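For reference, the structure discussed in these notes is given below.
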Amino acid sequence: MPVRDGGGWASGRRGLRPALAWRGGGILVLLAAAAAFPLVFTNPLVTTIGVDTMIFVGAASAWNIFSGYSGYISLAHAVFFGCGAYTAGIASRDWNLNGNVIFAMLPLAGLVAAGIAVPVGLIALRVRRHTFMVVTIAIFFIFQLMAFNFSFTSGTSGISAPFLVWDPQTFNNPFYYLALAIAVATAALSWLIRRSRFGLQLRAIRDDEGRTTSLGVRTMWVKLSALVISAFVVGMLGALWFYFIAQVLPASGFDPAFDLVIVLMAFLGGLGTVAGPVLGALIIEPAQQYFTQQFPNAYLSQITLGAVFVAVIVLMPRGLVPTVGEKLTSWRAKRASRAAATVQAAGRRKTALAADPGPAVDASAPENLR
Amino acid sequence: MGRQIYEAVIDGLLVGAVYGLMAVGLTLIFGVLDIINIAQGILVIVGAYLSYVLSVHLHIDLFLGLFITVPAMFLIGIAIYWAFIRPLRGAERTSMSLLATYAVALIIEGVLYWVFTPGYVQLNAWYVTSSIRLFGFYLSYIYLFAGALAVVLVLALYAVLYRTRFGRSVRATVQDQTAARLVGINVNRVAALTFGIGVAVTAVGGMVYGATSGGFNPNSGYDLISRLLAIVILGGLGSIAGALVASVFMITIESVVDIWSPSWAIVVFYAALVVVLIVRPSGLLGRPVTREQ
């Protein structure tokens with residue numbers, strides 16, 4: 001094809017480099033905006049939404065590291081979230097912690113959640129993919145029941161966090177920046193994993209687990225590692241959320257809606273992409289919080305959540321990032337081929353006779369490139 | 001003590017039959033459509049509320065009301081299938097359907113809260129409150145009637161599946177969808193009808209649950225679906241006999257443990273599930289794990 005040797009590919013490549021620059025610049029601007037957010041909007045009502053949003057950005061990204069890359073949809077991440085919250089609660093209750101030292105409990109909560117992920121994974125990852133989802137739901141209910149029934153979780157009355165004597169005006173800021181740091185670190189980790197050999201193995205499992213096993217990948221080990229990493233992050237966020245909300249109950253720590261919301265975020269943004277869950281969380285969580293503040297009718301917001309979820313799954317099952325990305329790519333390809341066609345047409349006009357103009361080439365060029 | 005255990009076993013067997021009916025609906029839907037209907041739990045509650053409305057406002061007997069609620073739930077099932085399940089396509093259809101039906105469950109739960117408020121209600125009739133003396137034990141009539149009805153309906157379902165042309169096309173679709181299509185079975189119609197039947201049985205389950213659970217509200221759907229899921233996995237997803245065996249077995253165990261500790265009874269239920277999954281990941285009577293295409 002003459003078109004391929006022409007300007008088509010070169011201009012395509014030239015078009016890619018600014019895209020990378022745009023992407024890097026966009027990330028920097030987003031980070032700066034996120035860092036400046038509590039300085040600009042000092043209203044505690046607004047920063048509360050900010051903290052919640054950052055917690056969900058981190059949780060959705062962490063969920064995606066396991067479920068998005070491996071294709072095993074986990075509905076048990078509320079277990080890790082709740083275990084993190086309860087670990088922080090029990091530790092600060094029994095050791096009488098208060099002040100900044102409470103944040104030292106975050107890694108501990110993460111470790112406990114990661115430790116719980118090991119047996120959970122060993123049991124649940126033995127089954128087929130859709131059975132896995134059902135088993136994770138069952139595991140979730142087991143943990144919620146245990147939180148209700150054990151004595152060290154204080155049953156239905158739950159656990160209260162230590163009362164923090166901080167200035168109410170800036171109370172949210174340490175929580176916000178910690179959540180932001182965890183969210184950014186998780187997104188970066190997600191990006192690193194996606195580019196790594198480990199990430200490749202995970203995605204190979206998603207595409208064809210049988211073949212991946214036969215190629216010598218220790219699939220159980222890979223899946224379990226991803227689950228443990230994911231659980232560690234979600235456990236830390238659970239602890240942070242507990243100190244922020246100042247209380248954990250069996251029904252709020254182990255909340256079925258938590259799983260559904262992070263799954264929805266990942267699906268809306270794009271399952272298995274780095275930016276997708278971040279984008280999804282940035283859209284859904286503020287919207288949900290705004291809804292709750294505007295409409296005190298909790299049932300209405302639940303119905304809305306369900307309706308949005310169904311709409312996303314039925315209408316856009318692959319999510320925003322892949323869909324928009326495809327549109328962009330096809331638009332770029334079209335632009336590139338149009339440029340190529342013009343270049344070629346111009347070239348033809350120079351060499352060929354005036355009696356053979358290029359409308360036919362113009363019409364066929366986009367098909368050639370695609 | 002011994003007497004209590006006998007009573008618990010008989011209760012468990014009869015209630016287990018009703019759970020078996022609901023679980024068969026769930027596992028049949030999975031077998032034909034490769035879809036896990038998370039909304040099954042909340043649909044049972046919808047069935048219970050339908051019976052409630054009929055009996056409280058229209059004074060229709062609970063069992064007679066089934067002639068209205070079963071077709072109603074059948075239509076609701078077909079509507080859900082057409083609106084939310086049929087549009088799903090592609091390799092991730094099973095996962096997507098699970099999430100879609102989960103979302104449908106959330107919507108239905110919200111609507112039920114709105115219409116009926118979170119207050120607990122219970123279905124009442126003379127056979128709920130009075131007992132019969134059988135072999136020296138007291139047994140509430142509702143358990144007896146419900147157990148008998150469930151057995152009859154399960155047998156009817158078996159007859160439909162194994163003695164009719166429709167049943168044969170359902171079984172063919174379970175075995176191989178493409179082959180079924182090739183021999184001229186309208187797979188879409190079979191799928192829609194199966195989904196409708198799978199949901200229709202929740203009307204019976206809901207009526208019995210509403211009468212025997214000591215009160216229900218929209219939140220009870222979670223309790224039900226977690227049990228039903230445990231049952232169908234335990235029996236092996238897609239296996240009708242497995243679902244029946246598992247439900248009778250599990251509900252009986254739960255009912256016996258309930259004598260000592262009501263709050264731990266349900267934990268025993270899940271512990272059994274975990275043990276079975278460790279020993280036999282495909283469930284008691286499930287098909288073994290095969291490579292996905």
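The values are calculated or read from the model by the stated rules, or taken from the named source; none is laboratory data. The structure displayed is predicted, hence computed values, not measured ones. When we count neighbours, we look across all protein chains shown, and the Cβ atoms used for this are built from the backbone with ideal geometry, even at glycine. When the accessible area is computed, the model is the full protein with side chains, heavy atoms only, and any ligands, DNA or RNA have been set aside. Shrake-Rupley method; radii C 1.70, N 1.55, O 1.52, S 1.80 Å.
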Review point. Quick one: if you stick a label point 7 Å off each Cα along the C-beta vector at A:Val118 and B:Arg86, how many nm between them?
Key: 5.1 nm
Point to revise | Buried on assembly, the stretch A:295-322 (at least 50 Å² less accessible surface than by itself, 1.4 Å probe) | key: A:Tyr299, A:Gln302, A:Ile303, A:Val310, A:Ile313, A:Val314
Check your understanding: Which whole-angstrom value gives the distance between the alpha carbon centres of the stretch B:47-64 and the stretch B:89-167?
Key -> 14 Å
**Study point:** Per-residue ³J(HN,Hα) for the stretch A:77-88, Karplus 6.51 cos²θ - 1.76 cosθ + 1.60, θ = phi - 60°, Hz, x for Gly and Pro
**Key:** 6, 4, 4, 5, 4, x, 5, x, 4, 5, 4, 4
Point to revise | Viscosity 0.692 mPa s, temperature 37 °C, Stokes-Einstein D of the stretch B:1-73 from Kirkwood C-alpha radius, µm²/s | key: 229 µm²/s
Study note, to complete from the structure: Computed over chain B: longest principal axis from alpha-carbon atoms vs helix B:220-235 long axis, angle to nearest 10 degrees, is 60 degrees
Check your understanding: How far is helix B:240-257 tilted, in degrees, relative to the longest principal axis of the Cα atoms in chain B, given as a value from 0 to 90 rounded to the nearest 10?
Key -> 30 degrees
Review point. Taking only the alpha-carbon atoms of the stretch B:1-143, what semi-axes of the equivalent ellipsoid follow from 5 times the gyration tensor eigenvalues under a square root, in whole Å, largest first?
Key: 33, 20, 13
**Study point:** Interatomic Cα distance distribution for the stretch A:268-350, bins of 5 angstrom, percent
**Key:** 3, 13, 14, 15, 12, 10, 8, 6, 6, 5, 3, 2, 2, 1, 0
Check your understanding: With no solvent and one point on each alpha carbon, what is the Debye value of log10 I(q)/I(0) for chain B at q = 0.07, 0.12 Å⁻¹?
Key -> -0.25, -0.76
Point to revise | As computed over the stretch B:72-204, the Cα convex hull volume per residue (Å³) | key: 161 Å³
Exercise for review: Divide by every residue of chain B the summed helix terms, -39500 (n - 2.57) for each DSSP H run of at least 4, and state the resulting mean residue ellipticity at 222 nm, rounded to the nearest 500 deg cm²/dmol.
Suggested key: -25000 deg cm²/dmol
Review point. Just how far, in whole angstrom, is the stretch A:235-281 from the stretch A:295-320 if you go by their alpha carbon centroids?
Key: 16 Å
Point to revise | Peptide B:29-37, shielding by other chains (average Cβ, 10 Å cutoff) | key: 1
Exercise for review: Return P(r) of the stretch A:173-318 (all Cα-Cα pairs; 5 Å bins starting at 0; whole %; ordered from short to long distances).
Suggested key: 2, 8, 13, 19, 19, 17, 11, 6, 3, 1, 0
Exercise for review: Order the peptides A:258-264, A:235-241 from the highest to the lowest mean number of other Cβ atoms within 10 Å of their residues.
Suggested key: A:235-241, A:258-264
Check your understanding: How large, in Å, is the stretch A:120-168 by the Kirkwood hydrodynamic radius built from its alpha-carbon pairs?
Key -> 13.4 Å
Check your understanding: Can you tell which of A:Ala78, A:Gln247, A:Gly216 lies farthest toward the positive end of the dipole of chain A, using +1 and -1 charges on the Cβ of basic and acidic side chains (Lys, Arg; Asp, Glu)?
Key -> A:Gly216
Practice item. Using only the Cα atoms of the protein assembly as shown, each taken as one equal point scatterer with no solvent, compute I(q) by the Debye sum, divide by I(0), and report log10 of the ratio at q = 0.10 Å⁻¹. Key: -0.98
**Study point:** chain A, helix-only ellipticity at 222 nm - DSSP H runs n ≥ 4, -39,500 (n - 2.57), divided by all residues, nearest 500
**Key:** -25500 deg cm²/dmol
**Study point:** In the stretch A:11-109, chymotrypsin sites (Phe, Trp or Tyr not before Pro) in a DSSP loop with at most 16 other beta-carbon atoms within 10 Å
**Key:** A:Phe41, A:Trp95
Check your understanding: If you put +1 on each Lys and Arg Cβ and -1 on each Asp and Glu Cβ, how big is the dipole of the stretch B:64-211 around its Cα centre, in Debye rounded to 20?
Key -> 540 debye
Review point. Along the three principal axes, how long is the stretch A:101-234 when you take its alpha carbons, biggest first, rounded to the nearest angstrom?
Key: 58, 37, 20
Point to revise | A:Leu108 paired with A:Thr213, simple spin-label distance in nm, labels 7 Å along Cα-to-beta-carbon | key: 4.0 nm
Review point. When you count, for each residue, the other Cβ atoms within 10 Å and take the mean per peptide, how do A:320-328, B:199-207, A:280-288 rank with the highest first?
Key: B:199-207, A:280-288, A:320-328
**Study point:** For peptides B:257-265, A:332-340, sequence by mean Cβ density within 10 Å, most packed first
**Key:** A:332-340, B:257-265
**Study point:** Point-charge dipole on Cβ atoms (K/R +1, D/E -1) for chain B, about Cα centre, debye to 20
**Key:** 920 debye
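With charges set only on the Cβ (+1 for Lys and Arg, -1 for Asp and Glu), what does the dipole of the stretch A:40-318 come to about its Cα centre, in debye to the nearest 20?
Dipole about the Cα centre, nearest 20: 980 debye.
Can you give the FRET efficiency for A:Ser196 and B:Val279, using 1/(1 + (r/R0)^6), R0 = 22 Å, r = Cβ-Cβ distance, to the nearest 0.05?
0.05
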Review point. Which value results for Rg/Rh of the stretch B:200-273 when Rg is the Cα radius of gyration and Rh the Kirkwood radius based on the inverse mean 1/r?
Key: 0.96
Practice item. Calculate the mean, over all residues of peptide A:122-132, of how many other protein chain Cβ atoms lie within 10 angstrom of the residue's Cβ. Key: 6
Review point. Using DSSP loop states and a limit of at most 12 other Cβ atoms within 10 Å to flag trypsin sites (Lys or Arg not before Pro), what is the longest stretch of chain B containing no flagged site?
Key: B:90-290
Review point. Cα-based Rg (one decimal) and Dmax (whole number) for chain A, in Å?
Key: 24.8, 92
Check your understanding: Taking only Cα atoms, what is the 0 to 90° angle, nearest 10, from helix B:2-33's long axis to the longest principal axis of chain B?
Key -> 20 degrees
**Study point:** Rg ratio (alpha-carbon, reference 2.2 N^0.38 Å) - the stretch A:26-127
**Key:** 1.32
